[in-house]
Amino acid sequence: MSEYVQSIRDRIGNDFLLLPGVTAVVRDGERFLLARHAHSGLWSLIGGGVEPGEELAAALAREVLEETGAEVRVGGIIGAYGGEPMMVEYPNGDRVGYVSIAYECDLLTPAAPDMDELLELGWFERDAIAGLPRRHWIDRVIGDAG
């Protein structure tokens, strides 16, 4: 949790918080890079929160680096996502809703899970993604990625 979010949590506790986010759509041909998250055990795309004053592309590059150790080239915007599918309740009771901008990204260096936020990474074709325990909002993002 960032210092910024922690400062808000110190005042509001576990109450619902709406946060800006960014999402990386990393492809290798017809395969997409997904991460299995430690807090939920579900597969999703890689991403996270935007800090105050941070440019969106810089936030995405930072999040991918923190979670996978990989550097990325951030490309074009795929879409903007929010609403009920983007709401999460964390194990500590914190409730969050994300509004996230998804970007096409190219891996520049190898990726490996940080084993803190992410348990594993995997490359999956669209058909295989449908059978994974996952955050279902990623279906829309992957569909929009073409």
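Counting only residues that are without any contact (Cβ under 8 Å) to a residue 40 or more places away in the chain and not charged (D, E, K, R), which one in the range 75-86 is surrounded by the fewest Cβ atoms within 10 Å (Cβ to Cβ)? I'd like the intermediate steps shown before the answer.
Filtering the range 75-86 for residues without any contact (Cβ under 8 Å) to a residue 40 or more places away in the chain gives 75-77, 80, 82-84.
Subsequent filtering for residues that are not charged (D, E, K, R) retains 75-77, 80, 82-83.
Details: G75: 13, G76: 7, I77: 13, A80: 11, G82: 16, G83: 10.
Across the range 75-86, the extreme among qualifying residues is G76.
Does P85 satisfy the criteria of being in a helix (DSSP H, G or I) and out of contact with any Gly (no Cβ under 9 Å at 6 or more places or on another chain)?
yes
Look at the range 46-72 and say how many of its residues are farther than 13 Å from L119 by Cα, among the aliphatic types (A, V, I, L, M) and crowded, with 20+ Cβ neighbours inside 10 Å.
Residues that pass the stated criteria total 7.
Sort out which residues of the range 116-141 are touching a residue at least 60 places away in the same chain (Cβ under 8 Å) and of a type in the set (A, V, I, L, M), and write them in order of number.
L118, L119, L121, I129, L132, I138, V141
In the range 28-40, how many residues are outside any strand (DSSP E or B) and either at pLDDT 95 or above or in contact with a helix residue (DSSP H, G or I) (Cβ under 8 Å, 6 or more places away or on another chain) (or both)?
Adding up the residues that qualify gives 1.
Test A70 against the criterion of being without any contact (Cβ under 8 Å) to a residue 60 or more places away in the chain, out of contact with any strand residue (DSSP E or B) (no Cβ under 7 Å at 6 or more places or on another chain) and among the aliphatic types (A, V, I, L, M), and give yes or no.
no
Checking the conditions here, which among S7, S2 is more than 29 Å from F124 (Cα to Cα) and either among the aliphatic types (A, V, I, L, M) or surrounded by fewer than 12 Cβ atoms within 10 Å (Cβ to Cβ) (or both)?
Of the residues listed, the single one that is more than 29 Å from F124 (Cα to Cα) and either among the aliphatic types (A, V, I, L, M) or surrounded by fewer than 12 Cβ atoms within 10 Å (Cβ to Cβ) (or both) is S7.
Could you identify the single residue in V64, V5, V25 that is part of a helix (DSSP H, G or I), β-branched (V, I, T) and within 24 Å of D106 (Cα to Cα)?
V64
All but one of (1) modelled with pLDDT of 95 or more; (2) over 13 Å from the mean Cα position of the chain (by Cα) hold for T68; which doesn't?
So the condition that T68 fails would be (2).
Going residue by residue through the range 94-112, is there one that turns out to be in contact (Cβ under 8 Å) with a residue 40 or more places away in the chain, assigned to a strand (DSSP E or B) and acidic (D, E)? Show your work before the answer.
To start, the set of residues in the range 94-112 that are in contact (Cβ under 8 Å) with a residue 40 or more places away in the chain comprises 94-107, 109-112.
With the extra rule that they be assigned to a strand (DSSP E or B), the set shrinks to 95-107.
Of the ones still in play, those that are also acidic (D, E) are 104, 106.
There is at least one residue in the range 94-112 that is in contact (Cβ under 8 Å) with a residue 40 or more places away in the chain, assigned to a strand (DSSP E or B) and acidic (D, E).
The values are calculated or read from the model by the stated rules, or taken from the named source; none is laboratory data. Please read these numbers as outputs of a predicted model, since none were measured by experiment. Backbone-built Cβ (ideal geometry, glycine too); neighbour counts: all protein chains shown.
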